[in-house]
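Input: a single structure, listed below in structure tokens.
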Amino acid sequence: MSSNMLRRLPPTVKVNGARLFSTTPPPPHPKHWRPATTFAAVAVASVVAGTLGALFPPPPLSILFPRPAPGPPEPDTPESKAYCESIEENLQSLPLLKELRASSDAKGWYETRPYQGFPEERRVNSLSAGTLRGPGKFAITPLIRAKHDETESVVFVHLGRALCGHDGIVHGGLLATLLDETLARTAINNLPEKVGVTATLSLNYRAPTMADQFVIVRTRIGEVNGRKANVTGQVEDLKGTVLVEASAMFVQPRYAKLLHSAQLRKAMGEPPERKDGHDEPVLLADGQDLNPGHKHL
């Protein structure tokens, strides 16, 4: 056999002493493994992944393991005042609020702030204006944008960390209270005597509502039949994610005419008086007697 033919033959291997041709090239020479380098790379990757996970935790992890948070500052302290002022500044700078104020139909809406100016002697016995009010809870009064025809409203509310059931997640009962009051306002303003009580309230919790954020409550009037008004609404986060859906019916009691509905409208937040074609901001006038003609015992 010529030397040229031998050079073209594939490599051979021995099996049980016999020389067999192999079609597989010999394995490359293994490189030297450096355990220190590998350990360092794994450590760096773990640190980066852990840091990113802490800053941007996946939703299930942020629910199961919420970030630790200090308690709210004590009421009536400089820290408490500064905290509430910062929340108010953040509210006024929300892109959605600015967009609504600048929209083409902005003149068809008005703004009001219920529970503002609530007197201390009545605040202490009020759930929304008293018990749930303060840093870490409802730090500031809600801001309501409502249509002048009272068919719709958009309510901006900040929910603090002290309103949670599971740590970091707002209590479902608190959201029910929030929807009850916002839906009631729209329904009551469409009843004949502007007075109503909750008859039914149905909720569908779509997603966890995380604390320490602004949420939007949207309400819309439905069918109104005599003393009954139906209304729907939902709670959203600032990204538009629907968190809770709700529907309710409010009924005007038969004794409604005995109540001073004008003062009740002020308590809920009514349209400001228009001066020179401009809306003037109105604060809550809920410290007045709801029925000054009645002799209280």
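Below are the figures for this structure:
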{"item": "The stretch 169-193: number of residues that are under 15 Å from the mean Cα position of the chain (by Cα), surrounded by fewer than 20 Cβ atoms within 10 Å (Cβ to Cβ) and touching a residue at least 12 places away in the same chain (Cβ under 8 Å)", "result": "5"}
{"item": "Single residue of the stretch 205-225 satisfying the filter (open to solvent by 50 Å² or more (accessible area, probe 1.4 Å) and of a type in the set (A, V, I, L, M)) that is farthest from GLU245 (Cα to Cα)", "result": "VAL224"}
{"item": "Scan of the stretch 138-155 for residues that are outside any strand (DSSP E or B) and polar (S, T, N, Q), ordered by number", "result": "THR141, THR151"}
{"item": "Candidates LYS228, LYS266, LYS239 - the one that is among the basic types (Lys, Arg), modelled with pLDDT under 70 and either open to solvent by 40 Å² or more (accessible area, probe 1.4 Å) or at positive phi (or both)", "result": "LYS266"}
{"item": "Given (1) farther than 24 Å from LYS107 by Cβ; (2) among the hydroxyl-bearing types (Ser, Thr, Tyr); (3) in a strand (DSSP E or B), number of the condition THR177 does not satisfy", "result": "(3)"}
{"item": "Residue count, the stretch 119-146 (criterion: open to solvent by 40 Å² or more (accessible area, probe 1.4 Å), over 15 Å from the mean Cα position of the chain (by Cα) and either within 21 Å of ASP237 (Cα to Cα) or of a type outside the set (Lys, Arg) (or both))", "result": "7"}
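Every residue, every condition in (1) hydroxyl-bearing (Ser, Thr, Tyr); (2) farther than 29 Å from GLY108 by Cβ, yes or no:
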position	(1), (2)
ASN125	no, yes
THR131	yes, yes
LEU143	no, no
GLU150	no, no
VAL157	no, no
ALA162	no, yes
GLY165	no, yes
ARG185	no, no
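The values are calculated or read from the model by the stated rules, or taken from the named source; none is laboratory data. Model, not experiment: these values are computed from the prediction. Here Cβ is always computed from backbone atoms with ideal geometry, including for glycine, and neighbour counts include all displayed protein chains. When the accessible area is computed, the model is the full protein with side chains, heavy atoms only, and any ligands, DNA or RNA have been set aside. Shrake-Rupley method; radii C 1.70, N 1.55, O 1.52, S 1.80 Å.
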